[in-house]
1. Which one of the conditions (1) touching a strand residue (DSSP E or B) at 6+ places or on another chain (Cβ under 9 Å); (2) within 20 Å of SER207 (Cβ to Cβ); (3) modelled with pLDDT of 85 or more does TRP75 fail to meet, given that it meets all the rest?
2. When you check ALA236 against the structure, is it modelled with pLDDT under 90, assigned to a helix (DSSP H, G or I) and surrounded by 14 or more Cβ atoms within 10 Å (Cβ to Cβ), yes or no?
3. Checking VAL178 against (1) closer than 16 Å to ARG225 by Cβ; (2) at pLDDT below 95; (3) out of contact with any Lys or Arg (no Cβ under 8 Å at 6 or more places or on another chain), which test does it fail?
4. All but one of (1) of a type outside the set (Phe, Trp, Tyr); (2) assigned to a strand (DSSP E or B); (3) within 20 Å of ILE107 (Cβ to Cβ) hold for VAL202, so report the exception by its number.
5. Look at ASP183 and say whether it is under 23 Å from THR63 (Cα atoms), surrounded by 19 or more Cβ atoms within 10 Å (Cβ to Cβ) and of a type in the set (Asp, Glu).
6. Among the residues of segment 212-238, how many are among the acidic types (Asp, Glu) and out of contact with any helix residue (DSSP H, G or I) (no Cβ under 7 Å at 6 or more places or on another chain)?
7. Quick one: which of ASP217, ASP194 is farther than 20 Å from PRO132 by Cβ, under 20 Å from the mean Cα position of the chain (by Cα) and of a type in the set (D, E, K, R)?
8. Just to confirm my filter: which strands (runs of 3 or more DSSP E) fall fully inside segment 52-170 and include at least 1 residues that are of a type outside the set (A, V, I, L, M, F, W, C) and buried (at least 19 other Cβ atoms within 10 Å of the Cβ)?
Amino acid sequence: ATEPPPEKPAGCPVDPSKWASWAGASQPADEERLNLTNMMPAPNQQPAPGQTKPLSTDRVTSTIPQSSGGQGGRWVYPSEQMFYNALLRKGKGDGVDEAAMPAVIAIHNNMNERGWAQVLDWESLRRGECPPDQIALLRFVGRPHELSLKARLRTTLGLAPMPFDRHDWVIDRCGTEVRYIIDYYDASAKSKQDKIPALHDVDSVPSIQMDVRPAGDNPSQLYDRVRMAARHGLLATL
């Protein structure tokens, strides 16, 4: 890992305020040809014009299945080079420290693994319908500029700041598609506690908080949200 600049938290070289400006950076421009499972263009592993340091093109395989039963393999995370190119492609490259990209990728991957763990926690409510090892992530899309209803209510009531990003994930529950919403919140007051996370760390990046839940597209999903509130307490789900 690279040494952080003196003014950054000692444990992590990534300025947490950058995540808000980078939200949606990996989403493609309208004219690009897309992979409809992740709404992204073909991977670009080539160094960017003006790039001053080599970035890794290695990609980490996630623990998230792409199809029920794991028959379609697992999702693979972008490399440092791919993520950096995505930032530049969307005009979000100002102030990006190339040396910090290993930490950026570590945080990105860790957030997805934490999100998937929370999805599986929700899915445990439906264990009788579909075993957890049969759950898969079919597709996802970033919607950073669209507030979810819950995020809007939390912000209006002063319970939380405006989320800096949103992802919608569609999972396969043994043949049934279920949509989840993930809102990402900036808790920069905790940024001094941040450290570069391992893939499955649960508390290494407290400056980024996630709210993962079924989207509420039908009464069954709304019922699950009530059941989860009973399991973890109402305050934990607000």
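1. Only one criterion in (1) touching a strand residue (DSSP E or B) at 6+ places or on another chain (Cβ under 9 Å); (2) within 20 Å of SER207 (Cβ to Cβ); (3) modelled with pLDDT of 85 or more is unmet by TRP75, namely (2).
2. no
3. For VAL178, the failing item is (2).
4. Result: VAL202 passes all but (2).
5. It is true that ASP183 is under 23 Å from THR63 (Cα atoms), surrounded by 19 or more Cβ atoms within 10 Å (Cβ to Cβ) and of a type in the set (Asp, Glu).
6. Residues in segment 212-238 being among the acidic types (Asp, Glu) and out of contact with any helix residue (DSSP H, G or I) (no Cβ under 7 Å at 6 or more places or on another chain): 1 in total.
7. ASP194
8. Correct list: 61-65, 135-142.
The values are calculated or read from the model by the stated rules, or taken from the named source; none is laboratory data. Quantities reported herein were computed from a predicted structural model and do not represent experimental measurements. Please note: Cβ atoms are built from the backbone with ideal geometry, for glycine as well, and neighbour counts cover all protein chains shown. The accessibility values were calculated without ligands, DNA or RNA, using every heavy atom of the protein model including side chains. Shrake-Rupley method; radii C 1.70, N 1.55, O 1.52, S 1.80 Å.
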